[in-house]
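Chemist: Quick one: the structure is below, questions incoming.
The values are calculated or read from the model by the stated rules, or taken from the named source; none is laboratory data. The structure presented is a predicted model; accordingly, all values stated were derived computationally and were not measured. Here the Cβ positions follow ideal geometry from the backbone for every residue, glycine too, while neighbour counts run over all protein chains shown.
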Amino acid sequence: MKHPCPLPAGDPDLLREGPLKWGRGWLAVSKPTGISLHNDPGHDLLSAMAQYVETHGELAEAMGYDAGFGIHLPHRLDKETSGIVIMACAEAAHRWISRQFEEKRVVKEYNAIVHGDLAIPQGALWGEWAWPLSKTAGGRSNPAGTGKKVHCLTRYRSLCHSPRYTLIACEPVTGRMHQIRRHARMAGHAVVGDARYGTPQSIRHLKSMGFSRLALHAASITLVLPETASPATLASPGLPVEMIRLMEQDLAGKQAGDGVIG
């Protein structure tokens with residue numbers, strides 16, 4: 001069934017706005033697409049947030065920033081993916097958060113736009129993709145990868161549909177590299193703008209229409225924050241404007257895609 005999409009906008013400016021939320025030993029940031037977390041010193045997300053914190057002394061003091069420890073990442077997010085990231089700026093907080101990721105007690109929810117009309121089984125609240133995946137990511141011709149494969153589970157639910165696309169919420173219950181992107185490809189509904197797992201034809205056409213990013217966004221992280229006892233949810237400000245625009249164009253009937261399952 002076609003219906004309007006709930007599409008709040010988010011467009012962060014890291015060095016102007018700083019962290020979305022923070023507490024003793026930690027901070028949460030909304031990462032734009034195209035920025036590496038840590039592999040581009042001076043230009044990556046860690047560098048940007050270290051610069052921000054170190055030039056805001058009152059904030060650094062309030063959050064217990066340890067200059068000797070710096071800022072570290074307890075989890076990862078691909079360069080092409082936007083959305084919520086949690087960082088640690090003290091060693092004890094880093095251990096606390098990292099342990100929850102290692103023990104798979106953190107719930108991560110993403111939003112993605114996928115090609116085609118993706119439905120969930122009748123009567124179910126969530127659909128599931130449960131194909132085994134190898135540790136090493138494959139490509140569009142073999143997204144499952146080569147070598148030993150292990151059980152992987154991604155849950156998804158449809159939020160809204162346009163003629164060519166479906167906006168979904170999804171949770172990678174397990175944590176293989178590119179798990180959502182690989183499972184989406186295997187389901188025949190590749191993530192829009194995915195140069196690795198989508199078709200070259202779809203990428204070329206999307207770029208010609210001004211869409212040149214991966215339509216995958218980390219919407220929220222739920223975990224027990226340092227010095228607290230109950231789970232809390234850290235959420236990004238909203239869906240990126242490029243993803244909103246793509247859905248709006250397609251809902252309006254404009255030529256915003258090629259109609260090919262990517």
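Chemist: Please pick out the residue among Arg155, Arg182, Arg140 that is within 19 Å of the chain's Cα centre (by Cα) and surrounded by fewer than 22 Cβ atoms within 10 Å (Cβ to Cβ). Even if it seems obvious, please write down each step before you answer.
Modeler: Values: Arg182 fails: surrounded by fewer than 22 Cβ atoms within 10 Å (Cβ to Cβ); Arg140 fails: within 19 Å of the chain's Cα centre (by Cα).
Answer to the check: Arg155.
Chemist: If you check every pair at least six apart or on different chains, which have Cβ atoms under 6 Å apart with a residue in region 137-152 that is in contact (Cβ under 8 Å) with a residue 24 or more places away in the chain and on the phi > 0 side of the Ramachandran plot first and a residue that is polar (S, T, N, Q) and assigned to a loop (DSSP other than H, G, I, E, B) second?
Modeler: Once the first residue is in contact (Cβ under 8 Å) with a residue 24 or more places away in the chain and on the phi > 0 side of the Ramachandran plot and sits in region 137-152, its partners that are polar (S, T, N, Q) and assigned to a loop (DSSP other than H, G, I, E, B) give Gly145/Thr136.
Chemist: Got at least one residue in region 43-60 being modelled with pLDDT of 95 or more and assigned to a loop (DSSP other than H, G, I, E, B)?
Modeler: Checking region 43-60: not a single residue is modelled with pLDDT of 95 or more and assigned to a loop (DSSP other than H, G, I, E, B).
Chemist: Taking only region 186-208 into account, find how many residues are in contact with a Pro (Cβ under 7 Å, 6 or more places away or on another chain) and modelled with pLDDT under 95. Before you say what the answer is, go through the steps one by one.
Modeler: Here is the first cut: in region 186-208, the residues in contact with a Pro (Cβ under 7 Å, 6 or more places away or on another chain) are 186, 197.
From what's left, modelled with pLDDT under 95: none.
Adding up the residues that qualify gives 0.
Chemist: It is to be established whether one or more residues within region 107-120 are surrounded by fewer than 15 Cβ atoms within 10 Å (Cβ to Cβ) and either of a type in the set (Ser, Thr, Tyr) or in a loop (DSSP other than H, G, I, E, B) (or both).
Modeler: yes
Chemist: Against the condition more than 13 Å from the chain's Cα centre (by Cα), touching a residue at least 24 places away in the same chain (Cβ under 8 Å) and crowded, with 18+ Cβ neighbours inside 10 Å, how does Ala187 come out, does it pass?
Modeler: The answer is yes for Ala187.
Chemist: Among the residues of region 79-106, count how many are part of a loop (DSSP other than H, G, I, E, B), surrounded by fewer than 21 Cβ atoms within 10 Å (Cβ to Cβ) and not aliphatic (A, V, I, L, M).
Modeler: Matching residues across region 79-106 total 5.
Matching residues to (1) crowded, with 18+ Cβ neighbours inside 10 Å; (2) modelled with pLDDT of 90 or more; (3) more than 21 Å from Gly34 (Cα to Cα); (4) in contact with a His (Cβ under 8 Å, 6 or more places away or on another chain):
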{"site": "Gly210", "(1), (2), (3), (4)": "no, yes, no, no"}
{"site": "His217", "(1), (2), (3), (4)": "yes, yes, no, no"}
{"site": "Pro226", "(1), (2), (3), (4)": "yes, yes, yes, no"}
{"site": "Ser230", "(1), (2), (3), (4)": "no, yes, yes, no"}
{"site": "Thr233", "(1), (2), (3), (4)": "no, yes, yes, no"}
{"site": "Ser236", "(1), (2), (3), (4)": "yes, yes, no, yes"}
{"site": "Gly253", "(1), (2), (3), (4)": "no, no, yes, no"}
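Chemist: Going by what's in this entry, would Cys160 be described as assigned to a strand (DSSP E or B), in contact (Cβ under 8 Å) with a residue 12 or more places away in the chain and touching a helix residue (DSSP H, G or I) at 6+ places or on another chain (Cβ under 6 Å)? Please lay out each step first, then the result.
Modeler: Values: assigned to a strand (DSSP E or B): yes; in contact (Cβ under 8 Å) with a residue 12 or more places away in the chain: yes; touching a helix residue (DSSP H, G or I) at 6+ places or on another chain (Cβ under 6 Å): no.
Taking the combined requirement at face value, the residue does not satisfy it.
Chemist: Being within 18 Å of Leu214 (Cα to Cα) and touching a residue at least 24 places away in the same chain (Cβ under 8 Å) is the requirement here; does Ile120 meet it?
Modeler: Details: within 18 Å of Leu214 (Cα to Cα): no; touching a residue at least 24 places away in the same chain (Cβ under 8 Å): yes.
Taking the combined requirement at face value, the residue does not satisfy it.
Chemist: Ok, one more. Which members of region 13-42 meet the condition of being surrounded by fewer than 17 Cβ atoms within 10 Å (Cβ to Cβ) and modelled with pLDDT under 80?
Modeler: Correct list: Asp13, Leu15, Arg16, Glu17, Asn39, Asp40, Pro41, Gly42.
Chemist: Still on this structure: Report the residue count in region 127-141 for those that are part of a loop (DSSP other than H, G, I, E, B) and at pLDDT 95 or above. Give the steps one after another, and end with the answer.
Modeler: Residues of region 127-141 part of a loop (DSSP other than H, G, I, E, B): 130-132, 135-141.
If we keep only those that are at pLDDT 95 or above as well, we get 130-132.
So the answer is 3.
Chemist: With the requirement that a residue be over 19 Å from Val107 (Cβ atoms) and touching a Leu at 6+ places or on another chain (Cβ under 9 Å), what does region 72-92 give you? Explain how you work it out, then say what you get.
Modeler: Taking region 72-92 and keeping what is over 19 Å from Val107 (Cβ atoms), we get 72, 79-80, 89-92.
Within region 72-92, His72, Lys79, Glu80, Cys89 qualify.
Chemist: Could you tell me whether region 37-44 includes any residue that is in contact with a Lys or Arg (Cβ under 7 Å, 6 or more places away or on another chain), under 19 Å from Ser220 (Cα atoms) and not assigned by TED's automatic domain parsing to the domain that holds Arg213? Can you show your working first?
Modeler: Pass one, region 37-44, residues in contact with a Lys or Arg (Cβ under 7 Å, 6 or more places away or on another chain): 37.
Filter once more, keeping what is under 19 Å from Ser220 (Cα atoms): 37.
This time we only want the ones that are not assigned by TED's automatic domain parsing to the domain that holds Arg213, so: 37.
Yes, some residue in region 37-44 is in contact with a Lys or Arg (Cβ under 7 Å, 6 or more places away or on another chain), under 19 Å from Ser220 (Cα atoms) and not assigned by TED's automatic domain parsing to the domain that holds Arg213.
Chemist: Identify, by number, the condition in (1) surrounded by fewer than 22 Cβ atoms within 10 Å (Cβ to Cβ); (2) over 17 Å from the mean Cα position of the chain (by Cα) that Leu246 doesn't meet.
Modeler: Leu246 satisfies every listed condition except (1).
Chemist: Considering every residue within region 86-100, establish whether at least one is within 20 Å of the chain's Cα centre (by Cα) and aromatic (Phe, Trp, Tyr).
Modeler: At the first step, the residues of region 86-100 found to be within 20 Å of the chain's Cα centre (by Cα) are 86-88, 97-98, 100.
Filter once more, so that each one left must be aromatic (Phe, Trp, Tyr): none.
No: zero hits.
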